[in-house]
1. Using 0.36 nm times the number of residues separating MET97 and HIS41, minus their current alpha carbon distance, what extension gain do you get?
2. In square angstrom, rounded to the nearest 10, how much accessible surface does ASP32 have for a 1.4 Å probe?
3. Subtract the Cα-Cα distance of ALA12 and ALA114 from 0.36 nm times their separation in residues, and report this length gain in nm to one decimal.
4. For the range 1-60, take N as its residue count and report Rg(C-alpha) divided by 2.2 N^0.38 Å.
5. Please work out the FRET efficiency for the pair MET1 and GLN24, using the Cβ-Cβ distance as r and a Förster radius of 41 Å; give the result to the nearest 0.05.
6. Summarise the accessible area of the chain (1.4 Å probe, protein heavy atoms) by the percent that is carbon and sulfur.
7. Over the chain, with a Gaussian network built from C-alpha contacts below 10 Å, which listed residue (ALA112, ALA34, ALA56) shows the highest mean-square fluctuation?
8. How many percent of the alpha carbon pairs in the chain exceed a separation of 24 Å?
Amino acid sequence: MSPTFDEKTAPALTEGITALLPFQGSFELQQDQAGKVHDWHFHSLDEELFILRGEALLFWDDEGKYQEQVCKAGTWITLPAGTRHGSLAGAEGVIYMIRPENGRTAETTFLAPADHPHTSPRPEGASA
């Protein structure tokens, strides 16, 4: 099997987007629909997130204490490696970038429900 090629006009690469890139490596651009829950998990590397559009509720465990923060467009989040956390996309959904430490790909470990440190938030009207 061989690759195929097609020529298209490349979209503009704005200064704002290039400022999000790590010095070397890659970042992930993610879109979550309204109410999407990323349940409790942690990453092998430090990660930075930047909310581009919409909002999300970030929740995390801080030495046994449940914490949460609503993050709107323009919020820059720094998550140290090993932080047990999750997120809930807002009513309009959310678009965000994830920039792992040194542009490398982080390993993500999702916790089994029995290992969740706290109850995860759910979208309005959803059962737990």
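The values are calculated or read from the model by the stated rules, or taken from the named source; none is laboratory data. Given the structure is predicted, the values throughout are model-derived calculations rather than measurements. Neighbour counts run over all protein chains shown; Cβ positions are idealised from the backbone, glycine included. Note: accessible area is taken over every heavy atom of the protein model, side chains too, but ligands, DNA and RNA are not part of it. Shrake-Rupley method; radii C 1.70, N 1.55, O 1.52, S 1.80 Å.
1. Value of the extension gain: 18.4 nm.
2. 10
3. On the way: separation 102, 0.36 × 102 = 36.72 nm, distance 4.60 nm.
Answer, rounded to one decimal: 32.1 nm.
4. Working: Rg = 16.2 Å, N = 60, 2.2 N^0.38 = 10.4 Å.
Its radius of gyration relative to the 2.2 N^0.38 Å reference: 1.55.
5. That gives a FRET efficiency of 0.85.
6. Details: 4460 of 8640 Å².
Percent of accessible area from carbon and sulfur atoms in the chain: 52.
7. Judging by the Gaussian network model, the answer is ALA112.
8. Numbers: 2883 of 8128 pairs.
Here the long-distance tail beyond 24 Å is 35 percent of all Cα pairs in the chain.
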